[in-house]
Amino acid sequence: MTIVLAFEEEVVRGICGYGPQSGIGIAEKEQFFDEIVNEWDLHKVDELVLGMGDFNGHVGKWIQGFEGVHRGNRIEERNVEGRMLLEFCDEKELCVVNTWFRKTEKRKVTFSAGGIETD
């Protein structure tokens with residue numbers, strides 16, 4: 001979904017997405033990212049573009065190769081979806097904002113069930 005807000009001198013485009021969950025095939029996940037890229041490429045040079053959503057990816061705690069995209073303040077290992085998100089952000093010169101803030105260990109966990117915790 002794309003939301004466009006026009007102000008007097010500024011246009012802000014918000015691209016919102018909810019990525020396929022675990023258990024969904026890689027083809028659907030690639031299609032999701034293709035759609036995000038296509039939507040992103042529609043914006044005009046003078047627009048401020050914000051990407052928002054739950055991409056259902058874990059970017060992991062290691063930043064190697066994604067230093068400008070990821071700050072490493074996470075708790076788990078990177079998965080395929082997280083790598084896809086990091087590659088998209090790297091290509092478009094974006095960052096995964098929630099990795100730039102330090103949190104206590106308790107605050108890093110956003111989902112917990114059956115002994116599984118994710119951030």
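From LEU42, LEU50, grab the single residue that is more than 12 Å from the chain's Cα centre (by Cα) and aliphatic (A, V, I, L, M). Break it down into steps so the answer makes sense when it comes.
On the way: LEU50 fails: more than 12 Å from the chain's Cα centre (by Cα).
Step by step, each of LEU42, LEU50 is checked, and only LEU42 is more than 12 Å from the chain's Cα centre (by Cα) and aliphatic (A, V, I, L, M).
Among the residues of region 13-65, how many are assigned to a loop (DSSP other than H, G, I, E, B), farther than 16 Å from ASN98 by Cβ and among the aliphatic types (A, V, I, L, M)?
Looking only at that region, the number is 3.
From the list ILE15, ILE75, ILE3, pick out the single residue that is in contact with a Ser or Thr (Cβ under 9 Å, 6 or more places away or on another chain) and at pLDDT below 90.
Working: ILE15 fails: at pLDDT below 90; ILE3 fails: in contact with a Ser or Thr (Cβ under 9 Å, 6 or more places away or on another chain).
Criteria check complete, one pass: ILE75.
A quick yes/no check of all residues on (1) among the basic types (Lys, Arg); (2) under 16 Å from HIS58 (Cα atoms):
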| position | (1), (2) |
| --- | --- |
| VAL4 | no, no |
| GLU10 | no, no |
| ARG13 | yes, no |
| GLY17 | no, yes |
| GLY23 | no, yes |
| GLU39 | no, no |
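GLY68 fails exactly one of the following numbered conditions: (1) in contact with a helix residue (DSSP H, G or I) (Cβ under 9 Å, 6 or more places away or on another chain); (2) surrounded by fewer than 13 Cβ atoms within 10 Å (Cβ to Cβ); (3) assigned to a strand (DSSP E or B). What is the number of that condition?
Every condition holds for GLY68 apart from (3).
Quick check on region 18-62: of everything there that is of a type in the set (S, T, N, Q) and under 15 Å from PHE88 (Cβ atoms), which residue is modelled with the lowest pLDDT? Please lay out each step first, then the result.
Taking region 18-62 as the starting set, the residues that turn out to be of a type in the set (S, T, N, Q) are 21-22, 31, 38, 56.
With under 15 Å from PHE88 (Cβ atoms) added as a condition, the list becomes 31, 38, 56.
Working: GLN31: 94, ASN38: 90, ASN56: 86.
Looking at the filtered set, the residue picked out is ASN56.
The values are calculated or read from the model by the stated rules, or taken from the named source; none is laboratory data. None of the values given here were measured: they were computed from a predicted structure. Quick reminder, even Gly has a Cβ in these numbers, built from the backbone with ideal geometry, and neighbours come from all protein chains shown.
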